[in-house]
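Asks: Sharing a structure with you now.
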Amino acid sequence: MAREEKAIFMNLCMVYDGQGNILVQNRKNPNWPGITFPGGHVEAGESFADAVIREVWEETGLTIEQPVLCGIKQWGEKNGVRSVVLFYKTDRFSGELKSSEEGEVFWVRREEFERLPLATDMAETIRVFESDIFSECFYTQDEKGKWRLHLQ
């Protein structure tokens, strides 16, 4: 069994204000549309924490501080590349909220989140962001090619 594999690293960040609100983004990307958290790809040579700080700033106009790694999501592509999304959260931010070409960003009450038109699996994914039990979303494919999400 190989110990090395190619990987693509990404991130998502749940920014919250401590008053019951979370920052969401309504993504325009047709490959993964809907309500999610801001985030994106880690660039070559960039630290994971610096990448999430940069992505949140680019997509929201907010500068976050002290993002806390709180989980991961991963899956293997047919081409042998593993995709890994690092989950962060923080309530430390400054700046003026502004949307980007990635999608509109806005604050919502946490209890309203599941009622929004969420991106695929975000209703399950948020459990990892908020859980002391789960730390990983892992996708597998069955023999018919259907993806299944497992929380671990």
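Asks: How far apart, in nm, are the 7 Å Cα→Cβ label points at F113 and V68?
Replies: My value for the distance between the label points is 1.4 nm.
Asks: Give the long-range amide H neighbours of S100: residues separated by 5 or more places, or on another chain, with amide H under 5 Å away, using H modelled in the peptide plane at 1.01 Å from N.
Replies: Counting only residues 5 or more places away or on other chains, the set is V105.
Asks: A further question on this structure: With a cut-off of 8 Å between alpha carbons and a minimum separation of six or more residues, what is the relative contact order of the stretch 29-134 in percent?
Replies: 29
Asks: Could you check the simple spin-label distance between V84 and A7, using points 7 Å along Cα→Cβ, in nm with one decimal?
Replies: 0.1
Asks: For a protection proxy built on the mean count of beta-carbon atoms within 10 angstrom, sort 33-40, 44-51, 103-110 highest first, please.
Replies: 33-40, 103-110, 44-51
Asks: First select every other residue whose beta carbon is under 12 angstrom from the beta carbon of F48; then total the charges, Lys and Arg +1, Asp and Glu -1.
Replies: Value of the local net charge: -3.
Asks: For the stretch 8-152, what % of the accessible area comes from carbon and sulfur atoms, probe 1.4 Å?
Replies: C and S fraction of accessible area: 49 percent.
Asks: Quick one: of K78/K144; K6/K98; K6/K73; K73/K146, which pairs are farther than 23 Å apart, Cα to Cα?
Replies: Listed pairs above 23 Å: K6/K98.
Asks: Right, here's the next one. What percent of all Cα-Cα pairs in the stretch 91-152 falls into each 10 Å bin, going from 0 up to the bin containing the maximum distance?
Replies: 16, 36, 35, 12, 2
Asks: Let me ask something additional. How large is Rg/Rh for the stretch 2-78, to two decimals, with Cα atoms and a Kirkwood Rh?
Replies: 0.99
The values are calculated or read from the model by the stated rules, or taken from the named source; none is laboratory data. Treat the numbers as computed from the prediction; the structure is a model and nothing was measured. For neighbour counting, all protein chains shown are included, and Cβ atoms are generated from backbone atoms with ideal geometry for every residue, glycine included. With ligands, DNA and RNA removed, areas are computed over all heavy atoms of the protein, side chains included. Shrake-Rupley method; radii C 1.70, N 1.55, O 1.52, S 1.80 Å.
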